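Data block below; observations after.
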Amino acid sequence: MSVPDWQTRLAAADARIERGREEMAAGGDDRARAIAEGVAQYHRDTFGGRRGSKRLAVAGVAELLGLTTKSVDVALAKANAGFASRPGLSWPVWERLAAAELADLQPLTATQWAVLRHLVQSTFIDETWIDNPGDLLAQEVEDLDPDELPPGVEQAPLAQACRSWSRTAGLAVLDALARGDASALPTGQPISPSTFKE
């Protein structure tokens, strides 16, 4: 029995809708990456990449595009999520290595991890982070205005914690934070300045 013409047309329409969804999703990803690159370039060109000026770069790009800073933040988070969710870094060997690295880290409090997650999701992370992920994340911590930090979180010890990580541990942390996988991150007592010695 042949397939009725209307069912053939319905299947073709459904396929067209699905292609449209895929194109919209891909276009949204491209848009987010372009905005993230724009923020990075604006930060370099306008502020010379100076510490403490990234939020100003976000505000500048938002004004330039006629968007809210929240919209730009969402684009940054979406662009950054591609680092870990596409579905890269999913090989069993990497997963086991990352889990082992995270298990050996000095625990941070849930609030400290939340601060780092916010930074990872609002920063454009690319291949330049591979060599020194912990140090670059520490710089992001130091770029924060102290008033932006929640009670009980101090910049210096949190930045020093980030700098104590090996390259592999730092990448494992970035991966977990970008995926929002809080269960993979060791959570315990607050770190103190004396925990990490020069």
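The values are calculated or read from the model by the stated rules, or taken from the named source; none is laboratory data. All values reported here derive from a predicted model rather than from experimental measurement. Here the Cβ positions follow ideal geometry from the backbone for every residue, glycine too, while neighbour counts run over all protein chains shown.
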Out of curiosity, is ALA182 over 24 Å from THR128 (Cβ atoms), touching a helix residue (DSSP H, G or I) at 6+ places or on another chain (Cβ under 8 Å) and in the same structural domain as ALA98 (by TED's automatic domain parsing)? yes
Have a look at GLU37, GLU22 and point out the one that is at pLDDT below 85 and in a helix (DSSP H, G or I). GLU22
Selection within segment 111-127 - more than 17 Å from PRO157 (Cβ to Cβ) and touching a helix residue (DSSP H, G or I) at 6+ places or on another chain (Cβ under 8 Å): ARG117, VAL120, GLN121, SER122, THR123, PHE124, ILE125
Within segment 21-76, residues among the hydroxyl-bearing types (Ser, Thr, Tyr) and more than 16 Å from ASP126 (Cβ to Cβ) come out as THR46, SER53, THR68, THR69, SER71
In segment 144-164, the residues that are modelled with pLDDT of 90 or more and either crowded, with 22+ Cβ neighbours inside 10 Å or among the acidic types (Asp, Glu) (or both): GLU154, LEU158, ALA161, CYS162
Is it fair to say ASP126 is surrounded by fewer than 20 Cβ atoms within 10 Å (Cβ to Cβ), farther than 24 Å from LEU149 by Cα and under 12 Å from the mean Cα position of the chain (by Cα)? yes
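May I ask you to verify whether GLY134 is surrounded by 15 or more Cβ atoms within 10 Å (Cβ to Cβ) and assigned by TED's automatic domain parsing to the domain that holds LEU174?
yes
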Checked segment 51-66 for anything in a helix (DSSP H, G or I) and either within 23 Å of LEU136 (Cα to Cα) or of a type in the set (A, V, I, L, M, F, W, C) (or both); matches are LYS54, ARG55, LEU56, ALA57, VAL58, ALA59, GLY60, VAL61, ALA62, LEU64, LEU65
